[in-house]
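Take a look at the structure set out below.
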Amino acid sequence: MIPELGHFALILALAVALVQGILPLLGASRGDIRLMDLGRTAALTQALLVFVAFGALTQAYVTSDFSVVNVVANSHSAKPLLYKISGVWGNHEGSMLLWALILALFGAAVAVFGAGLPDTLRARVLAIQALIGVGFLAFLLFTSNPFERVSPAPLDGNGLNPLLQDPGLAFHPPLLYLGYVGFSVTYAFAIAALLEGRVDAAWARWVRPWTLAAWCFLTLGIALGSWWAYYILGWGGFWFWDPVENASLMPWLAGTALLHSAIVVEKRDSLKSWTVLLAILAFSLSLLGTFLVRSGVLTSVHAFAQDPARGMFILAFLLLVTGGGLALYAWRAPRLTPGGMFQPVSREGALILNNLLLCTLAATVLLGTLYPLFLDLLTGNKVSVGPPFFNATFVPICAPLFAALCVGPYLGWKRAEIWPALLKLRVAFIAAVVAAIVAATAIDGRATLAALAFGFGVWLIVGSLGEFAQRLARTGYRMPPRAALGMTIAHAAMGVVVLGAVGTGAWNSELMQTMKPGDRAQFHGFDVKLERMESLQGPNYIAERATLAVSVGGKSYTVLQPERRLFAVQRRQVAETAIHTNLLRDLYATLGEGEAANGWVIRLYYNPLAPWIWLGAALCALGGFVSLSDRRLRVGAPQGGKRARTRPIAHPAE
Amino acid sequence: MNRRLLFLLPLATLALMAGFFAWSLLAGRDPASIGSVLVGRPAPRLEVKALRDDEPPLTDALLRTGKPTIVNFFASWCTPCLAEHPLFTRLATRDGAVIVGVAWKNKPPEARAWLKRLGDPYKFAGADLDGRTGLDWGLSGVPETYLVDGQGIVRRHFRGPITERDVNETILPFLKGAK
Amino acid sequence: MRTVAVLLATLLLAWPALAVEPSEMLQDPSLESRARDIGRSLRCVVCQNQSIDDSNAEVARDMRRAVRERLTAGDDDQKVFAYMVARYGDYVLLKPPFKAGTWALWLGGPLVLIVAGGLLLMAARRRKPIPPPVPLSDEEQRRLDALLKP
C-alpha cells in the first residue's frame, strides 16, 4: 500500500510540476500576479509530494519490503539500518528520486527565501526549476519507477554492493546531489534573466548565495568521495581521474569560475553575458555527469547499471535543458548591455584570468574524459586517458592559476598596478621559495616538480593569510566583512589541499611484506608486529582481521586492525583499511591475501600530509559557508522583506 | 555579426558532443570493448604443452597449414565458457572446423575432466598454465576466440563467449571464404 | 552479450584490487622501482581505469610479471611499453601516445587557453584605456579635508 502511495505522490508531483512550469511563465509575460504567485504554492506542494514519495521508498527499504523490485535488487534483511537507508540512493532509481527530491526542495527554498525577488523574476525562476523537475519526474515514472512491485515477493534481497556499505559513501551522494542540483537554481536564474533581458548587480546578488551553497555542497561531496576512495580502495590513492570523478570535477570548476565572475557582475556590472553562460554551463555539466554515469556511454568504477534506453532519455533531456538554455543564450545574450570598463590589470582582469584558467581546466577534463569515445567512433582506435595524461595537462595549468590567486585580491577594481601588489606579497614569495628548496633538498631529487608544487601550496597559504593580515592592519583591526573572511579561508584552504596532495602523492612510501603472527617489520621508524590473526562475524559479512602492534623506540604507539571482509550475499571481498593519523601523516595498513602456512600479505603506507587534502577541502567549503552567512543578510536586499510583504496584492498590467 | 557567432559557439559545441553521444548509443557501442591489435597481423607464437596425455606439444605450424583455424582460449573455472561450448562442438562436428583449444590458467586434470564431461571439440588442445602464451596473444581473460587464416594471419578476434550470431554471420563465412 | 561480458568481468575481477604481491617483487630495488613506475602507467585491460599495479585481476598479474621479466632481460622502459602495445594496443597506455589520432587530445586544452586568451587580449587592446583620474585640485582637497574632519 505504501509503495503505491509513493508512486501516486510521484505522479501528482509531476502534474504539479507541469502546472508550476507553465502558469507562472504565462503570468510573468502577462503581468498576472495571481498566476505568478501560483508558482510559490506549487513549488511547496511539489516538494511535499516528492518528499512523500521519497519517504515511501525509504519506508520500503527500512522495513525490507521485498515486494518492491528495487528493494529486492539493492537491499537485504541482514543489512545494518544505516545501509538500509543509504541503500535508497545506492541504486539508479532511488538516486534519481533523491535528485528529484533535492530539486523540489531547492524550488521550495527559492519560493520561501525569494520573497524579496521581483515577482516576474521569481515566477520565471520557479517555472524553470519546475520544468527541470518535470524532466526528472517523467524520467523516473516512465523509465525508472522505483516503486515497481514483484510477485511473489522473494524471501530476501540481493543486498547492496559491499563497497557502498560504508558511512562515507552513505553521505557522499546526497552531498554531491545538493551540489549538482543547487546549480539548477543558478541555471533557472540565468534563463529567467535571459527571458527578462536584464542582468544587473541585483541579479548577481540573488544568484551568488545559491551558487555558493551549491558549490560548498559539491566541494564537500567531492571531498567525501575522494576520502572514501582513499580508505576503501586500499592503496592510498585519493583521486583517480575516473570518468565519474571527472564528471563531478567539471561542474565544480565551472561553479568556481561562476562564483568569481558573479562578483564582477555584482560590483562592476560587467561580464554579464559570460556569467550567464557559466551559470548555464555549471548545471549543464552536472547533467552531463548524470548522463555519463547512467547511459552506458563510458565505463567507470562508479557507474550504475547501464541502460541505453535510459541513456537516450537523459540525452534528450540534456539536449533540451542545455540546448534550450544555450540557444536562448545565443539569441538574447548579445543584447545584454556591456557594463563598467576596466583595465587589463585590475580586479576584473584578475577574475577574468581566473575564469580563463578554470575554464581551460574544465575543457581539459572534458576532452580527456570524452576523447576515447570520440576516437573510437571516428576511427575505431581504442585509447585510455588516465592519471598520467591529466598530471601532464591539468596540473601545469594550475600553476598560473595558483600564482595569480594571491595577487588578485590586492588589485583594485577598474585599474591597478601590478608591482605594488607583488611587493606586498614578498613575504609569501620568499616563504614559497624556501619551502620549495627545503622540499627539493630534504626529499629525493626525483620529485623536483613536487617540490615546486609544494612551494605553490605555501604561497597560497601565506599569500592569502598575509593579505588578510594587511587588510586587518589597514582597517585598524576591525573584522572585515564575512565575504572577505570566507575568501581568505577558501583561498588558503586550496593551499592546504595542494600541500596534502603533493605530500601524499609524491612523497608517500610503502612496505609490502608477508607476515605470520609474531613477525616484525621496520617502517619509517615504526616497529610493526603482527600480533594475531582472527576471524570475525559481522552483521552481513565474515571478516579476517590482523592486529598490528605499532611501537616507536620500544614504546607502544598504536594498534592497527586492518580487515578483509567477505560479504556472503554478493560473494565479494572488501578490504577495510586501518589508518592512524596525527593530522601530519597517515600510517595506513591493509590486509591482503594469505593463510596460516605462508603468512599474510601486509601493506603499510606512510602518507605524509594526506589528511590535509580533506581538511583543506572541508576548510574550502567552510570558507564558502562563511561567505554565505554574509550574503544571507543581503538576499533580496534591494526589496527588503518588509516591503515585499506589504506590496500591493495586484500590480497593474505592464 | 562576428560577435553573434561567438555566442553560438557553446551551442555548436553541445550539438557536436550530443551527436557523438547519440551515435554511440544508437550504434550500441560497447564502452568496455578494448579491441584487438592482432587482427590483420600474423598470429603470435603458439608454443604450449599438450593438454591431453601422449600428444606432442602445440607449435606454430598448426596455424600455417593453408586451412583456416579457430583458436579458442578457455578454462574449466570459467562460466561463460560453458555457454559457448556447444557452439564449438557443433562447429567441429557439423562444419568440420579445425579448432585449437588452449586451457588458460587451468590445471590440466581439471580441464581434461571438463572436456570429458561436456565433450571435446578441439582437434588440438594445449595448456597455458602460467598465462604467458595468453599474454602474447593479447588475452584479457577467458573465453577469447581468434580466427586465423591458412597463412597464419589473425582475421577476427572475439573477447567473451561467441554467440549463435557470431557463428552464422562471421565464423561460418570465414571458414568457407578462407578455404 | 553485454550482460555475459559483465558477468565475465565480475568473475575475473575480485574487488578490491590488492595490487602487487611481495612474491612478484624484484630483488634489485632500482629495477623494482622502475617496474612500479611502468606498472602505474599501464592499464589493466579488464578493469575500469585501474593500472596493473592497482589491480589483482589475473591478467594484471601476468602483465606485471611480464614487465619484470622484460626489465630483468635488460629492456629499457620504452621497449617494455612497446612490448605491451604490441599485444594490447594503445589502449594499454594510461598516458596516450602523442600521434596523429591524439593531437586533438593533447593540444585541445592549450588551444582553448591560447585562443580564448588571445581573443581576450585583443578585446582588451581594442578597448580605449581609461584616463587616469585627475588629481584633486587644492580647493577640492581642502573641501574634502574639511568634510572628513570629525
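The values are calculated or read from the model by the stated rules, or taken from the named source; none is laboratory data. The shown structure was predicted, so the numbers you read here are calculated from the model rather than taken from an experiment. Cβ coordinates were reconstructed from backbone atoms using ideal geometry, including for glycine residues, and neighbour counts include every protein chain displayed. These area figures cover heavy atoms from the full protein model, side chains too; ligands, DNA and RNA do not enter into them. Shrake-Rupley method; radii C 1.70, N 1.55, O 1.52, S 1.80 Å.
Here are some notes:
- When the residues of region B:25-62 are filtered to those that are open to solvent by 40 Å² or more (accessible area, probe 1.4 Å) and among the β-branched types (Val, Ile, Thr), the one that is nearest to the other protein chains (Cβ to nearest Cβ) is B:VAL37.
- Any hit, region A:25-34, residues being among the hydroxyl-bearing types (Ser, Thr, Tyr), modelled with pLDDT of 95 or more and in the same structural domain as A:VAL134 (by TED's automatic domain parsing): no
- Long-range neighbours under 6 Å by Cβ, at least six apart or interchain, first residue at the interface with chain A (Cβ under 9 Å from one of its Cβ atoms) within region B:9-24, second buried (at least 16 other Cβ atoms within 10 Å of the Cβ) and of a type in the set (Ser, Thr, Tyr): B:LEU14/A:THR322
- Screening the candidates C:LEU105, C:LEU144 for the property of being free of Cβ contacts under 8 Å to residues at least 24 places away in the same chain and more than 30 Å from B:HIS157 (Cα to Cα) yields one hit, C:LEU144.
- Scanning region C:22-53 for residues that are in a loop (DSSP other than H, G, I, E, B) and within 12 Å of chain B (Cβ to nearest Cβ) yields a total of 6.
- Residue check for A:LEU485: part of a strand (DSSP E or B), in contact (Cβ under 8 Å) with a residue 12 or more places away in the chain and open to solvent by less than 50 Å² (accessible area, probe 1.4 Å): no
- Pairs where the first residue, in region A:103-129, is open to solvent by 30 Å² or more (accessible area, probe 1.4 Å) and the second is assigned to a helix (DSSP H, G or I), C-beta under 6 Å, 6+ apart: A:LEU105/A:ALA47; A:ALA115/A:GLY641; A:ALA115/A:ALA644; A:ARG124/A:ALA28; A:ARG124/A:ALA192; A:ARG124/A:LEU195
- For region A:370-407, the set of residues classified as more than 27 Å from A:LEU298 (Cα to Cα) and open to solvent by 10 Å² or more (accessible area, probe 1.4 Å) consists of A:ALA399, A:PRO400, A:LEU401, A:PHE402, A:ALA403, A:ALA404, A:LEU405, A:VAL407, listed by residue number.
- If you check A:LEU499, A:LEU536, A:LEU530, A:LEU511 for being within 28 Å of A:VAL559 (Cα to Cα) and out of contact with any strand residue (DSSP E or B) (no Cβ under 9 Å at 6 or more places or on another chain), only one passes: A:LEU499.
- Counting only helices (runs of 4 or more DSSP H) wholly contained in region A:52-151, the ones carrying 1 or more residues that are closer than 20 Å to A:SER184 by Cα occupy A:92-113, A:119-143.
- All of C:SER33, C:SER137, C:SER55 fail the test of being in the same structural domain as C:VAL20 (by TED's automatic domain parsing), open to solvent by 30 Å² or more (accessible area, probe 1.4 Å) and among the polar types (S, T, N, Q), apart from C:SER33.
- A:SER295 vs. criteria open to solvent by less than 10 Å² (accessible area, probe 1.4 Å) and more than 23 Å from the chain's Cα centre (by Cα): no
- Put simply, of A:VAL559, A:VAL574 the only residue that is touching a Leu at 6+ places or on another chain (Cβ under 8 Å) and crowded, with 21+ Cβ neighbours inside 10 Å is A:VAL574.
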